[in-house]
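K.L.:
Before I ask anything, here is the structure I am working with.
Each reported figure results from applying straightforward, stated rules to the coordinates on display, with no laboratory input. Just so you know, these numbers come straight off a predicted model, no measurement behind them. With ideal geometry, Cβ positions are generated from the backbone for all residues, glycine too; neighbour counts draw on all protein chains shown.
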Amino acid sequence: MSTFGKPVLDVRDLHVSYSQGDSRTTVVHGVSFSVQPGEVVALVGESGSGKTSTAQAVIGLLPANGRLESGSIRLNGEDISRWSAKRLRNIRGAVVSLIPQDPGNSLNPVLTVGAQVREILELHGRIDRRDADRRVIELLAHVGLTDPELRVRQYPHELSGGMKQRVLIAIAIALRPALIIADEPTSALDVTVQRRILDLIDDLRREYGTAVLFVTHDLGVAADRSDRIIVLQGGRIQEQGETAAVLAAPESAYTRKLLSDVPSLIIAQPRPAVEASRAPAVVVRNLVQDFDLPGGRTYRAVDDVSFTVARGTTHAIVGESGSGKTTTIRAIAGFQKPTSGQTLIDDFDVGSLKSGSLRQFRRKVQLVYQNPWGSLDPRQTVRAIVEEPLLNFEPIGRAAREAQVTAIIERVGLPAGILSRLPHALSGGQRQRVAIARALVLEPEIVVLDEAVSALDVTVQAQILALLAQLQRDLGLTYVFVSHDLAVVRQIADTVSVLQNGRQVDHGPVEQVFNAPSSAYTRELIAAIPGRKLPRATALSTGSIS
Amino acid sequence: MTRYVAGRIGQAVLVLWAAFTLSFIILQAMPGDAVLIKFLNPEFGLSADQIREIRQAYAIDSGVLVQYAHTFANFLQGDFGYSMQAGVPVSVQLATNLPPTLRLAALGFGAAVVLAVFIAFLSSIAPFAWLRNLVQSLPSLFISVPVFWLAIMLIQIFSFRLKLVSVINPGPWESLILPVATLSVPIAAPLAQILIRNIDEIRTRPFVGVARAKGAGELHLLWRHVARNALLPTLTIAGVLFGELLAGAVVTETVFGLNGIGGLTEKAVSNQDLSVLQAVVVISAAAFVTINLAVDLAYPFLDPRLRTRNGA
């Protein structure tokens, strides 16, 4: 460390707490680290690890109920932890700037892009309007936005997520700050966009010599992009050091656990090939779905998609946002009639079912959604949530119902005591288990999982994936698994369809699609997955896995 | 865009027609007969034959549908019929009574908006927590104050005690000060409440955090980033509150003894002067519909997201 010069950022013994009602909870316990000029330091951890609170404290943007309890934050040698709000304003944006998490909500919807980039120039010193406008266009061009003269007049909703993040990066680099705090800058973006944005941050950092404090939950991203890594758990640093060294020989058990739970493209045991003798459970034939747009035009969301899922196997539908994944599964679940083509389940054409038989059909096909926070009624107990599907079909006795609910809760690995709890008292993983129990209580044949593990931390994600595999073996379930995450798909699926703009660009057994993708798009998707520098991947490829 | 505007105007016309028809049905169904109330009065000393002639002249005994068509056609041409009680065309009565009410309503509404914005901003940037809490509790207090009581208290304090505003032969603008104040309070309260809630909500949005990270101060944030976003949903409520304004104007005019639609309505109700009532209902509905149409059409100018969606 002493070989470096003066650090840009030096945090010592940082404590941050939040108030909730009358009580205060400390979420960051004595965190110390430093960032050298031009260095990328990754703050890695799962939700609740205190990584975001640490970053917010550094830029003085803790939420209203958050408080910096003690510790020092030295920026270029000066302790800013006790500075007044007014004094902090002078350094925000100029010395330390922010690339936020969610580009979709991070630009003011009623101001033009140009006005929002110009704002940071105007806030720090007098600048002629014409000079400012010229500088804004330069900045937008610099972050790789095409047609910057047009962009300055556009509003945020007219740009894609990746373009918005470029605008936010232009704002962050406008005054050439010494330190940029990137708070999960790509977690809301598609994987190919993510790669381009991360490359951009890398390029600009090298060009300007800016240091980056990179907050992420994604060990793959941290491995590929950071010089040093800090692993946080429960508000305490588990370990820190050179990224390559930490990942090659992690000292703490927690880091080892995190590393082993990251889904990887290279898997120890490929799933056995699906026997040709298995009967098909789901057949999708030439599915086409159009939506009407105002002005009499139509938008083709799904364009000629066909696949067959054998009973007891998992078919993954992979694609980025707008690829038609969700529309395809809505047709399978009978939520909308296809424009043309068929979805056959047990030889019934789902699209031709009338409301009565459609209801009976729903017993066979159940859905698990992405967001375990939004899909459970906050006012119902777990028992009521899991019991509800049973009440919608032919009546069975109270005792029988109770027995079924208890059995299914046990099957998804939850303690019986959880039945009387409300969703808010459960963790994310527990909620997703409840959602799975609710889907399984009707003893369906087919379960459609819509990004069912995407919102979960990696360690929880690994547990839920293991549970899904166990349930499939025990109950002979057929899964249709929608995901944007190719690494997860590699772990769980037997066959896969890759969708791009509604078209099926690749289709077949997972091994075949991953090892010899037929489309350029699939190759790009696979190449964009972060984590190439994760040591496990190299260990596996040389065949030395223990 | 033109399709959107045409659609909204069409809806507005439909609402107006429905208001006319409903009020016609209700007023027709009312027991009693304005002609009998007025002309059976022995002061006139009319014979039964003469009353029959008057009834024919007003087409009172013809079928309801004929009367409906007759009145509807007249309204379309701006002819609101004759006031039974005053014996003058309703349009003449409206011409004298509408302008003062409009002036009162417009000033009252303007004052309410200023008051609401002031309360909402103060509750967000006032320096001390106790002061912010105090300011935030003002709207609830305002809502619970009855309009007539507030009017009387204002007269008591400002005219009789402090002698700041004269109530006896005041000037044309002086006479408006207290009524406008009275009228603005119950309108400002819900506006301020919604504005405060919106400001609190908008302040938690990520884009406000981004602006703060640029180095923006609290006032700059409030003015440039929060205010416009917070005002958008408030605008809809402001349109709806216009109905409140008309109701408030009736009470206010009565308490302060002002000429206006309020007084006219009150007299028409007690005399069952159907033509006047029908005209007041339709005029109020027209005002209400126009304000809300204006609000709807103003949205695309204030919120760029609506511009492209409707322009498609």
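K.L.:
Taking neighbour counts of Cβ atoms within 10 Å as a proxy for exposure, in what order, fewest first, do A:Ser518, B:Ser47, A:Ser106 appear?
P.N.:
B:Ser47, A:Ser518, A:Ser106
K.L.:
Roughly what % antiparallel, to the nearest 5, for the DSSP beta bridges in region A:412-546?
P.N.:
Around 55 percent of the beta bridges assigned by DSSP in region A:412-546 are antiparallel ones.
K.L.:
In whole Å and largest first, what semi-axes does the C-alpha gyration tensor of region B:148-216 yield when each eigenvalue is scaled by 5 and square-rooted?
P.N.:
Working from the Cα gyration tensor, I get semi-axes of 42, 13, 10 Å.
K.L.:
Using the count of nearby Cβ atoms within 10 Å as a rough guide to exposure, how do A:Lys51, A:Lys6 rank from fewest to most? Spell out each step's value before the answer.
P.N.:
On the way: A:Lys51 28, A:Lys6 11.
With the sparsest Cβ surroundings first, the list reads A:Lys6, A:Lys51.
K.L.:
Which residues among region B:166-207 fall inside the zone where the amide N is under 20 Å from a point 7 Å beyond the Cα of B:Ala126, along Cα→Cβ?
P.N.:
The answer is B:185-203, whose backbone nitrogens lie closer than 20 Å to the label point.
K.L.:
Could I ask something else about it? Pick out which of B:Gly87, B:Gly257, B:Gly108 has the largest mean-square fluctuation in a Gaussian network model of chain B, springs linking Cα atoms closer than 10 Å.
P.N.:
Sorting by GNM fluctuation, first place goes to B:Gly87.
K.L.:
Okay, next question. With axes computed from alpha carbons, what is the tilt in degrees of helix B:90-125 against the longest principal axis of chain B, rounded to the nearest 10 within 0 to 90?
P.N.:
On a 0 to 90 degree scale, this one is about 20.
K.L.:
Under 1.5 on a/c is rounded, so check that first for region A:346-397, then, if it is not, pick prolate when a/b is larger than b/c and oblate when it is not; a ≥ b ≥ c are the square roots of the alpha carbon gyration tensor eigenvalues.
P.N.:
It is oblate, given that a/c is not under 1.5 and a/b is not larger than b/c.
K.L.:
Provide the percentage of antiparallel DSSP beta bridges, counting only those with both residues in region A:1-130; round to the nearest 5.
P.N.:
95
K.L.:
Give the shape of chain B as rounded, prolate or oblate, defined through the alpha-carbon gyration tensor: a ≥ b ≥ c are the square roots of its eigenvalues, a/c under 1.5 means rounded, and otherwise the shape is prolate if a/b is larger than b/c and oblate if not.
P.N.:
The shape class here is oblate.
K.L.:
Which of B:Val295, A:Val262, A:Val117 comes first, and how do the rest follow, when ranked by fewest Cβ neighbours within 10 Å?
P.N.:
B:Val295, A:Val262, A:Val117
K.L.:
Between the alpha-carbon centers of region A:149-187 and region B:234-312, tell me the distance in whole angstrom.
P.N.:
44
K.L.:
Residue by residue through region A:117-125, which ³J(HN,Hα) values in whole Hz follow from phi under the Karplus form 6.51 cos²θ - 1.76 cosθ + 1.60 (θ = phi - 60°), with glycine and proline marked x?
P.N.:
Karplus-based 3J(HN,Hα) across region A:117-125 equals 7, 4, 3, 5, 5, 6, 5, 10, x Hz.
K.L.:
Another question, if that's okay. Rounded, prolate or oblate: which one fits region A:55-155, using the alpha carbon gyration tensor with axes a ≥ b ≥ c (rounded when a/c is under 1.5, else prolate when a/b beats b/c, else oblate)? If you can, show how the numbers build up before the last one.
P.N.:
Working: a/c = 2.56, a/b = 1.86, b/c = 1.38.
It is prolate, given that a/c is not under 1.5 and a/b is the larger ratio.
K.L.:
Here is a follow-up. Quick one: 3J(HN,Hα) in Hz for region B:204-213, Karplus 6.51/-1.76/1.60 with θ = phi - 60°, rounded, Gly and Pro as x.
P.N.:
8, 5, x, 5, 6, x, 4, 5, 5, 5
K.L.:
Expressed as an acute angle from 0 to 90° and rounded to the nearest 10, what is the orientation of the C-alpha long axis of helix B:174-203 relative to the principal long axis of chain B?
P.N.:
Taking Cα atoms only, the helix is inclined about 50 degrees.
K.L.:
Related question: List the residues whose amide H sits under 5 Å from the amide H of A:Ala310, counting only those 5 or more places along or on another chain, with H placed 1.01 Å from N in the peptide plane.
P.N.:
Correct list: A:Ala281.
K.L.:
Using the basic label-point model (7 angstrom from Cα toward the beta carbon), what is the A:Tyr299 to A:Gln360 distance in nanometres?
P.N.:
With each label point 7 Å from Cα toward Cβ, the separation is 3.7 nm.
K.L.:
Could you pull out which residues in region A:62-86 have an amide N less than 16 Å from a spot 7 Å beyond the Cα of A:Ser19, following the Cα-Cβ vector?
P.N.:
Inside the label zone: A:62-70.
K.L.:
As a test, work out the antiparallel percent of DSSP beta bridges whose residues both lie in chain A, rounded to the nearest 5.
P.N.:
Values: 49 of 87 bridges.
Around 55 percent of the beta bridges assigned by DSSP in chain A are antiparallel ones.
K.L.:
Taking the Cα centroid of region B:134-182 and of region B:185-229, what is the distance between the two, rounded to the nearest whole Å?
P.N.:
Spelled out, the Cα-based centre of one part sits 30 Å from the other.
K.L.:
Show which lysines lie in cross-link reach of A:Lys86 when reach means a straight Cα distance below 29 angstrom and same-chain residues fewer than eight apart are skipped.
P.N.:
Cα-Cα hits under 29 Å: A:Lys6, A:Lys51, A:Lys164, B:Lys214.
K.L.:
Want the number for A:Thr459 to A:Lys6: 0.36 nm per residue separation, take away the alpha-carbon distance, what's left?
P.N.:
Working it through step by step, the gained length comes to 159.4 nm.
K.L.:
Mind pulling the angle between the C-alpha long axis of helix B:48-57 and the longest principal axis of chain B? Nearest 10 degrees, somewhere in 0 to 90.
P.N.:
That helix lies at roughly 50 degrees to the long axis.
K.L.:
Between region A:398-424 and region A:340-393, what is the separation of their alpha carbon centroids in Å?
P.N.:
19
K.L.:
Relative contact order for chain B: what is it in percent, counting Cα pairs under 8 Å that are at least 6 residues apart?
P.N.:
28
K.L.:
Taking amide H atoms as placed 1.01 Å from N in the peptide plane, list the residues 5 or more away in sequence, or in a different chain, whose amide H sits under 5 Å from that of A:Arg503.
P.N.:
A:Asp303
K.L.:
In addition: Any idea how far apart A:Tyr208 and A:Asn286 come out in nm if each label point goes 7 Å out from Cα toward Cβ?
P.N.:
It works out to 5.5 nm between the two label points.
K.L.:
Same structure again: Could you compute the FRET efficiency for A:Ala273 and A:Asp346, with r as their C-beta to C-beta distance and R0 at 25 Å, rounded to 0.05?
P.N.:
0.55
K.L.:
Which ³J(HN,Hα) values, rounded to whole Hz and listed in residue order, are derived for region A:446-455 from phi using the Karplus coefficients 6.51, -1.76 and 1.60 in 6.51 cos²θ - 1.76 cosθ + 1.60 with θ = phi - 60°, glycine and proline given as x?
P.N.:
Working through the residues one at a time gives 10, 10, 9, 10, 9, 6, 5, 10, 5, 8 Hz.
K.L.:
Here is a further query. So how much slack lies between A:Leu391 and A:Ser84, counting 0.36 nm per residue of separation and subtracting their Cα-Cα distance, in nm? Intermediate values should be presented prior to the final figure.
P.N.:
Numbers: separation 307, 0.36 × 307 = 110.52 nm, distance 5.89 nm.
Length gained between A:Leu391 and A:Ser84: 104.6 nm.
K.L.:
In nanometres, what is the gap between the two model label sites at B:Val269 and B:Gln67, each 7 Å from Cα along Cα-to-Cβ?
P.N.:
With each label placed 7 Å out from Cα toward Cβ, I get 2.1 nm.
K.L.:
Here's something else I'd like to know. Nearest 0.05, what FRET efficiency do A:Asn65 and A:Glu402 give at R0 = 41 Å with Cβ-Cβ as r?
P.N.:
Efficiency, from the Cβ-Cβ distance: 0.50.
K.L.:
Would you grab the residues whose amide H sits under 5 Å from the one on A:Leu9? Only those 5+ places off in sequence or on another chain, please, with H modelled 1.01 Å from N.
P.N.:
Residues meeting the amide H criterion: A:Val35, A:Asn76.
K.L.:
Now for a separate question. To the nearest 0.05, what FRET efficiency results for B:Leu27 and B:Leu134 with a Förster distance of 60 Å applied to their C-beta separation?
P.N.:
0.80
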